[in-house]
Structures are given as C-alpha cells and as structure tokens.
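The values are calculated or read from the model by the stated rules, or taken from the named source; none is laboratory data. Just so we're clear, the structure is a prediction, and the values are computed from it rather than from any experiment. Here the Cβ positions follow ideal geometry from the backbone for every residue, glycine too, while neighbour counts run over all protein chains shown.
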Amino acid sequence: MTENFSVKLEEAKYYTPEVRCREQSWMGNYNKTYQAFLADPDGFWDNVARELEWFQPWSRVKEWDYPYARWFLNGKLNITHNCLDRHAHNQRRNKVALMWRGETEDEERIYTYRQLFQAVCRFANGLKSLGVGKGDRVCIYMPVVPEQVIAMLACARIGAVHSVVFGGFGVNALNQRIRGTNAKVVITADVTYRRGRAIPLKNIVEEAVVNAPSVERIVVLRRDTDKPVELHPEMEVDYYDLVDGESRECPAEPMDAEDPLFILYTSGTTGAPKGIVHACGGYTVGTYYTTKHVFDIRDDDIYWCTADPGWITGHSYGIYGPLLNGATCLIAEATPDYPTPGTWWDLIEEYGVTIFYTAPTAIRMFMRVGEEWPNRYNLSSLRILGSVGEPLNPEAFEWFYHTIGKDRCPIVDTWWQTETGMHMLTTMIGEPMRPGFVGRPIPGVVADVVNRQGKPVPPGTGGLLVIKEPWPSMMRTVWGDDERYRKYWETIPGCYTAADLAVKDEDGYIMVIGRADDLIVVAGHNIGTAEVESALVSHDAVAEAAVIGKPDPLKGNTIKAFVILRDGQQPGEKLKKDLIYHVRMTLGPIAIPSEIDFVQSLPKTRSGKIMRRVLKAQEMGMDPGDISTLEE
Ligand code: PRX
C-alpha cells in the first residue's frame, strides 16, 4: 500500500466516558499533562523514573545522538527488583501476583508476590548453576505456563538476555532465532496443549538445535509431572531437578540502564526476522508508566492481557508492566473459542477481571458467534477494555463497547510495536473516544502523520505514521545488524518511521490504516512476505513463490500465495496440502497461506524483484498504479 490516499472524514462521532473516569484517573487532564511533557520532556521522564527503585541514580535522563538514544545514563537497576522485591518485601507480599489457568478447569496455579519472588530466585539460581551469567542469551520456547514467566524473570534477575520465541513457531523459525542470538541455553517444555491436543515442543527444540552449536543445555519442564520424559543426560536437564534444593533468595544483578534486557524477534520485510533489542532502564520506565496510566491500574484490579508472553504485548503488558505496578495478573493457556466461545467470558466472570486487554481479531470472532455467548456471563466486574495489534474497526469498537463493556467501560485502543516497547498512541482514560481512531500520542511521545519529506499532512490526507522524539523504551538496535536499526530512522529524515499508513482528523486523532510495507498483519501477528516465500521455496516442488496479504473480515488479512512449480511437478489439491503442511512445520501455523494459486509467471521489475503490489491489485480488481518498472 502507498500513502497516496485520502479518507473522507465524516462528522466525528465520539463516545464520552463519564467525567469521573478522567477526574479520578492517575493522569487527570490529558492536555495539561501533554503540555507539561512538552515544556520539559526530560523532567517529565525523570519524575516517572523516580517512582521506581534504582540501585544507583542516573546522572542524566537522556543523551540523543541521532539515531541513537541512551536513557538514564549511569543508572543501575534490575527490573525484577521492581517487579518482585519492591512488592514481596512490603505490604503486597501476600497479594496475588499471578493467576494461571490451563486449558481445563482443574489446571490452575496461583502465586502471591512472595511466592513468585521465591520461584524466580530458585530458577535464577538453577540457571546460574548451568553457567548462565550476565549478558548470556537464553532462548525461552514454552507454552503459556507460570514457568514461562518465571523463566523470563529469572533471566532478567541474573542479567541474562532472554529471547522468547512464541510456542507456535515451527522448527526453522526457532532454529533461526536460536542461531541469531547464539543462545547458550534453551528452556522448553515436553508438550504444549492446544484445543485438547498435546503438541510436542521438546521434539521441535531437538530438531532446531541441530546446527546451533552455541546451545549447551536444554531445560525441560514436564507438564504432566507424573509422566517421565526421556532426557539426554549430557544436554538436557529436568526443570524440577534444576530448582530442587536451590535457595529461595538470589540477589538481583545490578544492571546498567543501557544493558540489554531482552531480544524479541519480529518479522522483517526482507530476509531474516529482526532481533529487536530492549534496554533495562528505559524499558522498565516506559512499561511501568504506560501500564499505570493507559490502563489506569489500581491495587484492586484484576488484570488480564490475553496475549501470549511470547509476543511483545505479553512481555510489556502481560508481565513486566503489570508486575512493575504490583498488579494481580491472569494468564491463561486458553484459546478464545475452545472448548466453547464462552471460555474467555467465563474466565472474566470467574476471576472477576476488571481490565481486559485483547486483540481485534478475537473481538471480531466473538461478534461472529453472537452476543448470546457473552450474555450468558456476568461481566460486571469489567472496568476498562483494551485493544492492540491491528486496527479496531468501528463495528468491532461498537460491539466491544456495548456488548462487553455495557456502555460503561472506556476502550483504550493502543497503537505500538515490538520496536517501540511501550504504547505510543491511544485515547487516555476519560478522553472522548472516536471509533476507528486509536487516538493521540500519549504524554511522553511526539508522533505525527507526514509525507515522504517529513511534512505533516492535512487532516483526511493519508501519510506515514512517525515518531519525532526518542522515548525511553525505544529499541536500541537490531541484534547483530545495526544497519537495519538505522533504516528505521533514515526513511524520513529526523523521524522514526513505523511503516504504518495513517490519517489524522481535525482534532489530532489518528486512524491507523495498515502497513506501508511487505509485512502482513494476520490476526494481529506480523508475518513477512519474504519468510513465507522462502518457506514455500524450500519445498522440493516449488521454483518460485510470491505472497500477498488479502483483506479478511475476521483476521484483518489472510495470506495468499502464488507459486511457480518446478518442471515436472503436478499442480493439484494434494500438492497444496503438502505445501501448507510444509509451511506449518517450517514457520508454524500462524504463517499458513489460506489460498495457493499455481501460476506460470510472476510480475517482476526489470531487476527481478517480485511486484507484490501488482499481484495484490489484480487480486482485488484494483488499479495496479505505476507499472513502468514491470518487465516485459
Ligand atoms: O501495523 C501496526 C499494527 O501492528 C504492528 C506492530 O506489530 P508488532 O510489532 O507485532 O506489535 C504488535 C503489538 C504491539 C504495527 O506496526 N498495530 C499494532 N497496534 C495497532 C496496530 N494497528 C492498528 N491499531 C493498533 N492499535
């Protein structure tokens, strides 16, 4: 897609929450706070950082050497000290920190802050006994279980850099990510459960570590503790054996604010996925601040973010942000419609969830199955609703607002990215909400919609969404490939370009339309066309492949593939099934094409680049635009 479009702005329709929402919120008046930030940006962030505990204070808030920012210089802290010790050693010690629910009702575990602190310390000591130390990379490939959270926190406790890989990824995707970071240890489980089926994770890890020589040990969590799992003694170690006898205390490693905290891979438009690097200080401050203010979180809230901790949303708002705020968090290994489309509503009723943060895809799926499902449950505990990952279209907004929020709960549609680490745009609690528009930059963020020259575009005219000033939780680099980091800041001079198309209204509210590049957002997950194409081409029958995103009412987009077969290969349904299976095993189920067309040729530029936009225009019956570079 390009930014040459305009949107007819109809008369603005706003929902205005009750005044008490604003008057009683942590932030209070949005405009006032935003102006205070603009008047003294460093002073603003300095005040936020002071709400946390540091082992050594910073000497300067920020140093900006375009395009590199350093935050809280010389400050020393540990995010887990702020997530755990700060609460476990005072009046929140017996407060519930984490509630976990498995796929079935009888699978439940609850940790108070004191218990979570101890579990993290024990596992951190276990990791140390394997020789893991500050700066070592640890790959976490696990189902949504408390130990996934414990593993992340244990790494952060000792200064090891975690790289969590979503448990739905396949062998190649995992292998690429393990090799990318040279991980020393991989933490996994024997199986993960999905829709009642056990999927063997450990087998996938075993395949993925072949030709990954950096891996010294694999820690295996047994899901069913009664069932023994065969381990290769020289390499594999049982999670429970590892923590057995370890001390429940482990001092938090004092980390420099600029030390890396974690790496999280995100799809790139070309080639390999990018390992986004986040730093200890700025990430802690950014996620603490946004969780507090965007969700207006309180001590008695029951907070549920439905994202898997394997994605950035799970990192920032499933774990770190809420724990930094001393919240009670629910995590669930629950598919929205398994065993019934009432599963999630049942969880909200049962646990008394007050803040519910989810994705538009899920909301649209619930819309489709009908309001009789949520209406069977008592959802009156809900106070605030959140959305993330893709545009929340007005119909989905209305449904979420009326059917789930019963016209009482403000909706925070939050725009941000793996790269930004924290929320960037939203409609702060108490501000009028405009369906279809995420809202405005949160105080602390300077964003705009501009043309390729970096000039702001008038309301209604399409442009690129950019961030104009550094922010604490911005990515620091792309692991091992700083060139790719600089690209974010070079597309439009002076700005961080998010590669999202957007449009502003007269009030400065921003509507995010979709990606401006070759990323496809399927059900809220970013998938690179290049990744899917290379998975297809790695199949023996395929000579060439091109994939495009096709708009879909439920998932936002689906993947359509165009495939040229090698000579002698027979197109047909059987081969389509083979290809789909192949992509599932290589990349994982999220990257599977919904449609495959066998074709004789692909539109290419004279220099041989596939012109996906021509394929897309053809598919949608639209004008392909400028095709002067198309080869004969
Ligand atoms: O295209 C935007 C879309 O998701 C992209 C970022 O994806 P990822 O790094 O995987 O992080 C997803 C969770 C933060 C963005 O470039 N996106 C994210 N949130 C929204 C959105 N699009 C529209 N509205 C949103 N609220």
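Take the residues of the stretch 245-278 that are among the hydrophobic types (A, V, I, L, M, F, W, C) and over 27 Å from ASP481 (Cβ atoms): which is farthest from the ligand (Cβ to nearest atom)?
First, pick out the residues of the stretch 245-278 that are among the hydrophobic types (A, V, I, L, M, F, W, C): 250, 252, 255, 257, 261-264, 272, 276-277.
In the following step, the residues that additionally are over 27 Å from ASP481 (Cβ atoms) were identified as 250, 252.
Numbers: CYS250: 31, ALA252: 27 Å.
In this case the residue turns out to be CYS250.
Would you pick out the residues in the stretch 1-57 that are surrounded by 12 or more Cβ atoms within 10 Å (Cβ to Cβ), among the charged types (D, E, K, R) and within 30 Å of LYS550 (Cβ to Cβ)?
Of everything in the stretch 1-57, those that are surrounded by 12 or more Cβ atoms within 10 Å (Cβ to Cβ), among the charged types (D, E, K, R) and within 30 Å of LYS550 (Cβ to Cβ) turn out to be GLU3, LYS13.
Given the criterion within 16 Å of the ligand (Cβ to nearest atom), of a type in the set (Ser, Thr, Tyr) and either closer than 28 Å to ASN557 by Cβ or in contact (Cβ under 8 Å) with a residue 24 or more places away in the chain (or both), identify the matching residue among THR358, THR343, THR354. Even if it seems obvious, please write down each step before you answer.
On the way: THR343 fails: within 16 Å of the ligand (Cβ to nearest atom); THR354 fails: within 16 Å of the ligand (Cβ to nearest atom).
The match here is THR358.
Kindly list the number of the only condition in (1) without any contact (Cβ under 8 Å) to a residue 40 or more places away in the chain; (2) crowded, with 17+ Cβ neighbours inside 10 Å; (3) assigned to a loop (DSSP other than H, G, I, E, B) that fails for HIS539.
The single condition HIS539 does not satisfy is (1).
Quickly run through the stretch 133-146 and pick out the residues that are closer than 22 Å to ASN82 by Cβ and buried (at least 24 other Cβ atoms within 10 Å of the Cβ).
VAL138, ILE140, listed by residue number.
When only residues in the stretch 509-524 that are more than 9 Å from the ligand (Cβ to nearest atom) and β-branched (Val, Ile, Thr) count, which is surrounded by the fewest Cβ atoms within 10 Å (Cβ to Cβ)?
This residue is VAL522.
Got a number for residues in the stretch 605-621 being surrounded by 14 or more Cβ atoms within 10 Å (Cβ to Cβ) and in a loop (DSSP other than H, G, I, E, B)? Steps first, answer last, please.
Within the stretch 605-621, the first condition is being surrounded by 14 or more Cβ atoms within 10 Å (Cβ to Cβ), and the residues that meet it are 605, 610-617, 619.
Imposing the further condition that a residue be in a loop (DSSP other than H, G, I, E, B) reduces the set to 611.
The qualifying residues number 1.
For the stretch 372-491, give me every one of the helices (runs of 4 or more DSSP H) that falls completely inside it and has 3 or more residues that are under 23 Å from HIS525 (Cα atoms), without any contact (Cβ under 8 Å) to a residue 60 or more places away in the chain and of a type outside the set (Phe, Trp, Tyr). Give the derivation first.
Numbers: elements: 372-375, 394-399, 482-490.
The helices (runs of 4 or more DSSP H) meeting that bar are 394-399.
Which numbered condition trips up VAL229, out of (1) under 27 Å from ALA173 (Cβ atoms); (2) surrounded by fewer than 21 Cβ atoms within 10 Å (Cβ to Cβ); (3) at pLDDT 95 or above?
Answer for VAL229: the failing condition is (3).
So which residues in the stretch 555-604 are part of a helix (DSSP H, G or I) and of a type in the set (A, V, I, L, M)? Let's see the steps before the verdict.
Of the residues in the stretch 555-604, the ones part of a helix (DSSP H, G or I) are 573-586, 589-591.
The answer is LEU575, LEU579, ILE580, VAL583, MET585, ILE590, ALA591.
Name, by its number, the condition in (1) within 12 Å of the ligand (Cβ to nearest atom); (2) touching a helix residue (DSSP H, G or I) at 6+ places or on another chain (Cβ under 8 Å); (3) under 30 Å from ASN31 (Cα atoms) that does not hold for ILE527.
The single condition ILE527 does not satisfy is (3).
Determine, yes or no, whether GLU258 is touching a Leu at 6+ places or on another chain (Cβ under 9 Å), touching a residue at least 60 places away in the same chain (Cβ under 8 Å) and farther than 30 Å from ALA530 by Cα. Let's see the steps before the verdict.
Values: touching a Leu at 6+ places or on another chain (Cβ under 9 Å): yes; touching a residue at least 60 places away in the same chain (Cβ under 8 Å): yes; farther than 30 Å from ALA530 by Cα: yes.
Answer is yes for this residue.
Taking the conditions exactly as written (under 22 Å from ALA447 (Cβ atoms), over 18 Å from the mean Cα position of the chain (by Cα) and away from the ligand (no atom under 16 Å from the Cβ)), does GLU506 satisfy them or not? Spell out the reasoning first.
Numbers: under 22 Å from ALA447 (Cβ atoms): yes; over 18 Å from the mean Cα position of the chain (by Cα): yes; away from the ligand (no atom under 16 Å from the Cβ): yes.
So GLU506 passes the test.
Among the residues of the stretch 175-203, which ones are out of contact with any strand residue (DSSP E or B) (no Cβ under 7 Å at 6 or more places or on another chain) and on the phi > 0 side of the Ramachandran plot?
Hits for the stretch 175-203 are ARG195, GLY196.
Out of all the residues in the stretch 449-461, is one or more surrounded by 23 or more Cβ atoms within 10 Å (Cβ to Cβ) and within 15 Å of the ligand (Cβ to nearest atom)?
Our first condition is that a residue be surrounded by 23 or more Cβ atoms within 10 Å (Cβ to Cβ); within the stretch 449-461, this holds for 449.
Add one more test, that the residue is within 15 Å of the ligand (Cβ to nearest atom), and what stays is 449.
Within the stretch 449-461 (the criterion being surrounded by 23 or more Cβ atoms within 10 Å (Cβ to Cβ) and within 15 Å of the ligand (Cβ to nearest atom)), the answer is yes, since at least one residue qualifies.
I'd like to check something: does the stretch 586-594 contain any residue that is loosely packed, with under 14 Cβ neighbours inside 10 Å and not basic (Lys, Arg)?
No, the conditions are met nowhere in the stretch 586-594.
Among the residues of the stretch 258-310, which ones are part of a loop (DSSP other than H, G, I, E, B) and of a type in the set (Gly, Ala, Ser)? Before you say what the answer is, go through the steps one by one.
The first filter runs over the stretch 258-310 and keeps only residues part of a loop (DSSP other than H, G, I, E, B), leaving 258-259, 267-273, 295-301, 306-310.
The answer is SER267, GLY268, GLY271, ALA272, ALA307, GLY310.
For the stretch 56-98, which positions are of a type in the set (Gly, Ala, Ser) and modelled with pLDDT of 95 or more? Talk me through it step by step, then tell me what you get.
Taking the stretch 56-98 first, the residues of a type in the set (Gly, Ala, Ser) are 59, 69, 75, 88, 97.
The answer is SER59, ALA69, GLY75, ALA97.
Conditions tested, residue by residue: (1) out of contact with any helix residue (DSSP H, G or I) (no Cβ under 7 Å at 6 or more places or on another chain); (2) within 16 Å of the ligand (Cβ to nearest atom); (3) farther than 14 Å from THR358 by Cα; (4) modelled with pLDDT of 95 or more.
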| residue | (1), (2), (3), (4) |
| --- | --- |
| HIS293 | yes, no, yes, yes |
| ILE297 | no, no, yes, yes |
| ASP301 | yes, no, yes, yes |
| SER316 | no, yes, no, yes |
| GLY326 | no, no, yes, yes |
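What number of residues in the stretch 303-314 are within 9 Å of the ligand (Cβ to nearest atom) and in contact with a Cys (Cβ under 9 Å, 6 or more places away or on another chain)?
The total comes to 1.
Kindly provide the set of residues from the stretch 391-438 that are within 13 Å of the ligand (Cβ to nearest atom) and of a type in the set (Asp, Glu), ordered by number.
ASP413, GLU419
Which one of these does ALA154 not meet: (1) part of a helix (DSSP H, G or I); (2) at pLDDT below 95?
(2)
Residues that are at pLDDT below 95, surrounded by 19 or more Cβ atoms within 10 Å (Cβ to Cβ) and within 16 Å of the ligand (Cβ to nearest atom): does the stretch 367-389 have at least one?
yes
Return the residues of the stretch 211-230 that are hydrophobic (A, V, I, L, M, F, W, C) and either within 28 Å of the chain's Cα centre (by Cα) or part of a strand (DSSP E or B) (or both); say none if nothing qualifies. Let's see the steps before the verdict.
Keep residues of the stretch 211-230 that are hydrophobic (A, V, I, L, M, F, W, C), which gives 212, 215, 218-221, 229.
Across the stretch 211-230, the qualifying residues are ALA212, VAL215, ILE218, VAL219, VAL220, LEU221.
Here is a check on your reading of the model: is THR290 under 30 Å from GLU51 (Cβ atoms) and among the polar types (S, T, N, Q)?
Values: under 30 Å from GLU51 (Cβ atoms): yes; among the polar types (S, T, N, Q): yes.
So THR290 fits the description; yes.
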